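Okay, structure first, notes after.
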């Protein structure tokens, strides 16, 4: 399907403030970016780099006063999410080097604390995809999904204790459970067509049978329309913006995802 994604954020800056932004989409196996428009108001010099996870990031210094960042893109993404019941577990010694970091505990995914719990949730499941699917189903049935309720990232341990969270929080717990079973898992932030209420979204991916598969405990069923902005070990790696100095908060944020016609067909 063809989608037009957009996100506009406005800040009120009190003093010159360094930012690192992560809002540009990249083409990959599951999506192709046909066109993009990126606007800063007022316009300032920008330096772009690729971080250690392959995400496109921009460094800049925002001047005092209103400062707006707006990006829109036309992107082709999958009509449906690939699923592979029965896909096998990959032994750690056969994992690609670049995947190994997604096995380790991280700031918000304390996978070394969930071994017994993960084994209990996945008892009787075939190793690999079926284990992760059982974790996704358990999260959906057990942890309350409450969009918009929390602005502060919390860890998997905290989510499990309080039994509710936003999309990012459920993903943190899912990632920690996967990693405790030696299944690499990573957080993805991006857009989801048809998400209600509309906002930026987070889900997780697990590495099974030689590739990454999507899992999302916040949705009743997996469907197409996922557009990834960034990948990382947890929320600390995929913030759409980081600012340095006195705290700065958005005064407005508008996120949209629209279905469009394929104007790029020949």
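Every number in this text was worked out from the coordinates using simple rules, so none of it is lab data. No experiment lies behind these values; they were computed from the predicted model shown. For neighbour counting, all protein chains shown are included, and Cβ atoms are generated from backbone atoms with ideal geometry for every residue, glycine included.
If you bin all the Cα-Cα distances of segment 141-197 at 10 Å, starting from zero, the percentages per bin are 23, 51, 25, 1. Computed over the chain, the per-residue total of -39500 (n - 2.57) for DSSP H runs of n ≥ 4 gives a 222 nm mean residue ellipticity of -4500 deg cm²/dmol, rounded to 500.
Using a/c under 1.5 as the rounded threshold, could you call segment 1-148 rounded, prolate or oblate? The axes a ≥ b ≥ c are square roots of the C-alpha gyration tensor eigenvalues, and prolate needs a/b larger than b/c, oblate otherwise.
Verdict is prolate for segment 1-148.
Of the listed values (i) 78, 39, 37; (ii) 53, 45, 36; (iii) 57, 50, 35, grab the one calculated as Cα extents along the principal axes in Å from the structure here. Answer by label: (iii). The angle separating the long axis of helix 167-180 from the principal Cα axis of greatest extent in the chain is about 40 degrees. Looking at segment 116-234, the pairs of alpha carbons with a distance over 20 Å make up 36% of the total. The translational diffusion coefficient of segment 76-139, from Stokes-Einstein at 25 °C and 0.890 mPa s with a Kirkwood hydrodynamic radius over alpha carbon pairs, comes to 178 µm²/s. Separation of segment 193-263 and segment 116-141 by C-alpha centroid, Å? Going from one Cα centre to the other spans 23 Å. The angle between the Cα long axis of helix 129-142 and the longest principal axis of the Cα atoms of the chain comes to about 70 degrees, rounded to the nearest 10. Per residue, the convex hull around the alpha carbon atoms of segment 170-224 comes to 85 Å³. Peptides 35-42, 68-75 ranked from most to least packed, by the mean per-residue count of other Cβ atoms within 10 Å: 68-75, 35-42.
What FRET efficiency do you get for residue 68 and residue 1 if R0 is 25 Å and r is their Cβ-Cβ distance, rounded to the nearest 0.05? My answer for the efficiency is 0.30. The length gained by stretching the chain between residue 52 and residue 182 to full extension, at 0.36 nm per residue less their Cα-Cα distance, is 44.6 nm. Compute the distance from the alpha-carbon center of segment 32-52 to that of segment 1-21, in whole Å. Going from one Cα centre to the other spans 10 Å.
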